[in-house]
Each structure stands twice: as structure tokens, then as C-alpha cells.
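Notes follow once the structure below has been shown.
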Number of protein chains: 2
Amino acid sequence: MGDSKQDDLRFIRPEIRRMTGYTPGEQPAGGPVVKLNTNENPYPPSPRVLEAIAAAAADDVRLYPNPVAEPLCARAAEVYGVGRDQVLAGNGSDEILMMIVRACIGAGERVAYAEPTYSLYDTLVAIGGGEVATVPYPQSFELPVEPLLGLRGKVTIVCNPNAPSGTVTPLEVIEGMAPQVEGMLVVDEAYADFAAASAIQLIERHANVVVVRSFSKSFSLAGLRIGLLFGQPAVVSELLKVKDSYNLSRISIAAGTAALGDLDWMRANVAKVAATRARMTEALTVLGYSVLPSATNFVLARRPGTNQRPVFEALRARQILVRYFDVPELRDALRITVGTDDEIDALLAALRDLTDEARGR
Amino acid sequence: MGDSKQDDLRFIRPEIRRMTGYTPGEQPAGGPVVKLNTNENPYPPSPRVLEAIAAAAADDVRLYPNPVAEPLCARAAEVYGVGRDQVLAGNGSDEILMMIVRACIGAGERVAYAEPTYSLYDTLVAIGGGEVATVPYPQSFELPVEPLLGLRGKVTIVCNPNAPSGTVTPLEVIEGMAPQVEGMLVVDEAYADFAAASAIQLIERHANVVVVRSFSKSFSLAGLRIGLLFGQPAVVSELLKVKDSYNLSRISIAAGTAALGDLDWMRANVAKVAATRARMTEALTVLGYSVLPSATNFVLARRPGTNQRPVFEALRARQILVRYFDVPELRDALRITVGTDDEIDALLAALRDLTDEARGR
């Protein structure tokens, strides 16, 4: 064996050695923190979900789970009005996105999207040995359709609503793109329950469209790692080949199935979030932020031209976590999760203090 | 869009289209079945594990889990006597094996192992676009070290104890291989708690050795998807780059941590399995099977030259599931999980009946 560090890692692909891993938002270990940084739902999941988890804490955890998360997918097919063979479940929608890259992207093949968007896409493409091809969103965050199509991605991703902007691309725009994209069109609907429309029905008319959903936001289940994909049966069947053999635990299957059995609970939480979001958007605007209309459980608050790192850090010193992205196009912005009313009051009070301090009062 | 089926899947990599997915062992939906087909532990996990799951059924499932399964890895470092930075956790050891392929194997690069072994390796290498290079095990299942080294894999896997044979490669043989393999040496120790030795300590002396563990067998937690990898910090750090962002749920982290807090429970189950295994091996031998010495929770029972499919099917008709592999080198064998004493009595009774029937009594 060689003795240099480099040689010790000779078996790791050079692309991986060069990569920096994905940095998830901070998950503080404990203490009193107002956590508005990773778009978790401030309200708990349905009591039926917690009952299902407790009931699954039984001796049969010794047995493997159903390899295709059968009860969850069957329930999802009913709820979303698609065939059972048009659904698959993932260990979070992150795993589903990875499965798409694995199944579609060979060395050097292109994944196209408009930026800024969910930064995990970059990491997944790098892991898959593909090539990232992006076009910038304009300030309005209207999807730059023609430039995006011009990238001719083998996979094109539209995060809709988009993170971190919170903005929506109308369904007819997405449908118009479907026959024009070079390869697969992925609609990442992690936040769609907070918006008015979903692309799920498009899969019937467009064989190259898949829609990805998450239980982490609207269903308050980030801790359990549950995602769904909808697509035509032939596509689902190819994607199933590249998933981990038993990708969802028995508990996550039970919890996801129970969550889909209590949509009213989820919708009530979504309504509460929307009400708080409206109030918070107005207050942030009064404080001098420009806030894009959000169809998600977060807002992007911007002070054009003013780096928000000091604000991010001052909030952090007061135990209020928001998300700051250290990239040129987002340095003048904070992405703030819609918390409970009390949490948002604490945030707004802190921001008012900071503004007063900045004015030297 | 084209209208041919082939064209509809133009965005799926041709290698994936050609692939057949991994077929996990059957997971029957219900009914009275003696399930000896997927090497689950017949005994439940520690009550502390079930308490930990029930306690985790709380409102904070709305929050993301710790992205590196911190409590679990910290506990594992203590239990296995390694540094915290020498451990990572996976969504089952299957995910860890996929991470190894992702991090190490570029298009056409070789993964080497002796066959027959865990059939998922073939699938993972195919997904990763690598090349499978194998040498046959002899009938004795002694590891063919020189031929295996001769394959010059960028990754070499030794499943130890091996599945489906149940046999062990001595630790000194593994250690002898470490400086000679071309790239990474993966010791897949899914069944190691049933055996006498572990390669974990080798990671201190050999930068290219990683050891993979599963909670599915000895810890009775197949339903929760928990695996661990041990390796040098630089290797762990590269592998972490390619894992899913939050790969273990809050519940699996809590359950795995609790399981490592009650090793006595696991060891007592392992001892019960070993006792039943000895009795079952003897009885199968009396019935005319040749049974390799097993250091796992299953046995490979062989009738040289006689296809065991009819026996597999006859057992299945009696609601007894064992594993039959339809590949040339294993058609005269059944892989039988060590169940409870009652389950094994039922199996043996059924086999005796079948033998009597075959003799026309």
C-alpha cells in the first residue's frame, strides 16, 4: 500500500474526491430555538399517524418491510386518482430524485434546470457523473421556458413551486413544455400542497412526465423520510429497478399510509400556514423587505443589494434560525420558513429590533 | 413525442432498460406461514427497542432527522471500539453497498467477488454501470483467494460469513488479502454476530478495508432498515458525500441506538439460533442433506445433483417458505433460515413426509 493520503483513496472516483457533499440546513441538537431554516411544518402530523407509528412498534419489526411499500402506494393511487402501477415510494423525495438520476443519466449526460432552485440537484448530478446545465431565473422567478428547453437536458427538472423562491409556474406552461423537452420532465412538487395546482394528471397524457411528492412539508413528516413518484407504468417500472431493495421501513410505510388517510388534518395545517404566511409577508414588506408571492411554507425575503449575512447571524445569536445561501444571486435574501404565529412574532420582533439598531436608535 | 414504447423510454439509460431488477425474497401479506426464506430473526428485538420506537412516535417527527444519524453512530463507535469518524449509518446495509458502488465505480470499472454470494451485488454493480467480475467458490466454499485477487477489482467484496453458504473465511485470510487487493476491500458482515470473529479491527491497519454491518439479522430489525459501515475517516468522509441527504428516519436512528444499548438481548437470541441451527443441521443430515457448517442464521442444505425445486414447491404448498435459487450452481440446494424450534420442527416434519412420499410409502 502507498503511504500518501491520495493513494489511500485511489479506489474513490476522482469526481467524488473533487466533490463537496450536500450541506443540509442546520438541525440543532436541543435548546430553545425558533427553527425557521429547513421548511418543516410547525404543526404536528395527524394523531392517526402517531397512532400508526406506535402500533407498528411491535415484534414484527423483525420482518422485512414490503419491498414496494404496497399499502402506501395503493392508498396513494386512490387518493391521487391514478393507477397502482403509476406510483412508487421513496425514502424521502430525495431518494426518488437520486433514482431518476441513476436510471436516466450516464457519464456526461445533462440534467437541466433553472437556478436558483433546490441545491441538492447539483449534488445528485455530480454523484451520478452527469453534467449540470442551468439557466438563471429572472428576478421575477418566472420560468425561462425557451432557454431551459434550449439546454436539451436528458432530464429537465422544474421545482414547482420553486425553492427557495416560493413561486409557481402555471400548469399550462409545464404542460406546454412536456412535448418539447428532449427527455424526461421531472416536476418536483415537494411544496405542491401549499399551492393551487398539481401536475399529477399530466402523466396520463405525457409519457415523459414524472411528478415527485414529499411528506416532509405539508404532512409534517420530515423525520420519517417518505416521498412518492407518479409516472406512466413503464417509467415507474424502470425506476423501480434502481431503488434500494427495501427502501422504506415498516414504520414509514405505516405512517405514510395513515397520513393519506387524514387529508383534512394536512389541509387544516396548510390553511394555518397560509394565513401566517400572508401576515408575515405583509409585516416583512413593512420592514422594507421585498417578498415574492409564495405558494409554499416559506418566503424569500429580499433587500436588493444588501447582503443579509449580518441579519442571518444576528437572528442566529437570538436563537432564531433562518436560511442564508452564500451564493451571489441570493446573498441579499433570507429564506424564512412559515412557523407558528408565535414563532413568526418572535422573528418579526427580532427583525424590528435589528432595524432599530441599524438606524442607531 | 414518438409513439413507440421504446421511444417513450428514450430517457432511461439503455443499461437500465436491459436490466432485470433485484428480486427480494417473498414477503407474504398474511396468513399462517412458516417463514424461513429471508433470514429474518425468529425472535423479537429488545423491549428497549420497541419502547424507543413508541417514544419516538411524537410530534417531533415533523422535524428532519439528524443527517448523519449522530446518536446511532456515536453509540456504535463506543460499542465497536472505533472513532466516531470511522462510522457511518445507512438505510440498511443495502444502501451502504450502493454508496460504495456510487463512490468507487465508474463506467466499466470492476467489482470482484466469489460466487455464489449475495445476489444483490450483481444488481448494484449493474445500476452503477460497473462490470461484475467473479470467480466460482469451490464446493467447500473455501474462498478462492488467488483467483479473486487476480480479478483486480477496483472494489473486491467478501461476504463473511457468506450467503447463501453460511461459511466463514478466517480473519487472517482477509487480512492477508488487504494489502494485495487492487482497490477497496469490502467485508460484508451482515451475519457476523452469528460468527466468532469480525474484521472491524482491520480498518485501523488497512486504509482500503471497510466493514459493513446490518441490524436486520442479529438485532431482529429487518423492518427498520439500519446498517453501519466502519472504515478509516478519509474513506468514511468520501462515502458520506454520496449518501442520501437524510438517509435514516428519526425512528430508525432511535431504534438502532436502543438496540446497541442492549447487546445482551441480541446475544441471547444469537445463542438460541445457534442451538436450533445445530439440531436442525443434524436432522437435515439424517434426512440425507449435506449441510455446510454455518456461522449464520440459515443453513444451505444440499442434495448433490437433485434439483430441489419440487421440494421447495411442496413446502410452499404446506405454507412453509424456504429459499430456492434458480441458478445452475444452487439448484440442488435449499437455503433455510433458522426459525424458532417449533418452526424448524414443522419444517423437519414436512421434509420427512415428503421423503416418505418420494419413497412411495
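The values are calculated or read from the model by the stated rules, or taken from the named source; none is laboratory data. Since we're looking at a predicted model, the values are computed, not measured. No Cβ is skipped: glycine too gets one built from the backbone with ideal geometry, and neighbour counts run over all protein chains shown. For the accessible areas, the whole protein counts, side chains as well, though only heavy atoms, and no ligand, DNA or RNA atoms are used. Shrake-Rupley method; radii C 1.70, N 1.55, O 1.52, S 1.80 Å.
Can you tally the net charge around A:D188? Count Lys and Arg as +1, Asp and Glu as -1, for every other residue whose Cβ sits under 14 Å from the Cβ of A:D188.
-4
Once the piece of chain linking B:T340 and B:A107 is laid out straight, how much longer is it, given 0.36 nm per residue of separation minus the C-alpha distance between them?
Details: separation 233, 0.36 × 233 = 83.88 nm, distance 4.48 nm.
Once the chain is fully extended between B:T340 and B:A107, it gains 79.4 nm.
Considering only B:V187, B:L149, B:I53, whose Cα is most displaced toward the positive end of the charge dipole of region B:47-262, charges sitting on Cβ of Lys, Arg (+1) and Asp, Glu (-1)?
Selected residue: B:I53.
Where in chain B are the DSSP H helices whose C-alpha atoms run 30 Å or more along the long axis and whose mean Kyte hydropathy is at least -0.5?
Numbers: long enough: B:263-286 (35 Å, 0.16).
The qualifying helices are B:263-286.
For A:D345, A:D94, what's the largest-to-smallest order of accessible area, 1.4 Å probe?
A:D345, A:D94
Keeping all protein chains in place and using 1.4 angstrom, which order do A:V173, A:V212 fall into by accessible surface area, from largest down? List each step's numbers first, then the result.
Working: A:V173 50, A:V212 0 Å².
Highest to lowest solvent-accessible surface, that is A:V173, A:V212.
Given the Cα-Cα distance of B:V327 and B:T306 and 0.36 nm per residue of separation, how much length would full extension add, in nm?
Full extension from B:V327 to B:T306 adds 6.2 nm.
Using a simple spin-label model with points 7 Å from Cα along the Cα→Cβ vector, what separation in nm is obtained for A:A317 and A:Q201?
If labels sit at A:A317 and A:Q201, their model points lie 5.3 nm apart.
Output the direction-averaged projected area (hull surface divided by four) of the convex hull of the alpha-carbon atoms of region A:47-262, in nm². Mind dumping the intermediate values first?
Working: hull surface 45.0 nm².
Computed as one quarter of the Cα hull surface, the answer is 11.3 nm².
How would you classify chain B from its alpha-carbon gyration tensor, with a ≥ b ≥ c the square roots of the eigenvalues: rounded for a/c under 1.5, else prolate if a/b is greater than b/c, otherwise oblate? Write out the running numbers ahead of the final one.
Numbers: a/c = 1.40, a/b = 1.22, b/c = 1.14.
The shape class here is rounded.
For region A:47-262, with all protein chains present and a 1.4 Å probe, just round the carbon and sulfur fraction of the accessible area to a whole percent. Don't skip to the answer; put the middle values down first.
Numbers: 3130 of 6000 Å².
The C+S portion of the solvent-accessible surface of region A:47-262 is 52 percent.
Under a Cβ-only charge scheme (Lys and Arg +1, Asp and Glu -1), can you give me the dipole magnitude of chain A about the Cα centre, in debye to the nearest 20? Walk me through the numbers before you get to the answer.
Numbers: 36 positive and 43 negative charges, 82 e Å.
Roughly 400 debye for chain A.
List the pairs from B:K35/B:K217; B:K154/B:K217; A:K241/B:K154 whose alpha-carbon separation is above 21 Å, in the order I gave them.
On the way: B:K35/B:K217 14 Å; B:K154/B:K217 28 Å; A:K241/B:K154 24 Å.
Correct reply: B:K154/B:K217; A:K241/B:K154.
Relative to the present Cα-Cα distance, how much length would full extension add between A:R152 and A:A74 at 0.36 nm per residue of separation?
Details: separation 78, 0.36 × 78 = 28.08 nm, distance 3.47 nm.
Residue separation times 0.36 nm, minus the Cα-Cα distance, leaves 24.6 nm.
What residues qualify as long-range amide H neighbours of A:E131, i.e. H under 5 Å apart, gap of 5 or more or another chain, H built at 1.01 Å from N?
Here A:G108, A:E109, A:R110, A:V111 satisfy the definition.
Could you name the lysines whose alpha carbon sits less than 16 Å from that of A:K243, not counting residues in the same chain fewer than 8 places away?
B:K243
Return the value, in Å² to the nearest 100, of accessible area buried between chains A and B (probe 1.4 Å, both sides summed).
When A and B are taken together, about 6700 Å² of accessible area is lost.
For region B:8-71, which GluC sites (Glu not before Pro) are in a loop by DSSP, counting at most 16 other Cβ atoms within 10 Å? Mind showing how you got there, number by number?
On the way: sites: B:E15, B:E26, B:E40, B:E51; in loops: B:E26, B:E40.
Hits after loop and neighbour filter: B:E26.
With the other protein chains left in place, how much accessible area per residue, in square angstrom, belongs to chain B at a 1.4 angstrom probe?
Values: 12940 Å² over 361 residues.
Ligands and nucleic acids excluded, the result is 36 Å² per residue.
In debye, nearest 20, what is the charge dipole magnitude of region B:47-262 about its Cα centre with +1 on Lys and Arg Cβ and -1 on Asp and Glu Cβ, if you could check? All intermediate terms of the calculation are to be shown ahead of the outcome.
Numbers: 15 positive and 24 negative charges, 77 e Å.
Charge dipole, region B:47-262, about its Cα centre: 360 debye, nearest 20.
Return the residues of region A:140-167 for which accessible area with all protein chains present is lower than in the chain on its own by 20 Å² or more; set the probe to 1.4 Å and exclude ligands, DNA and RNA.
Flagged in region A:140-167: A:K154.
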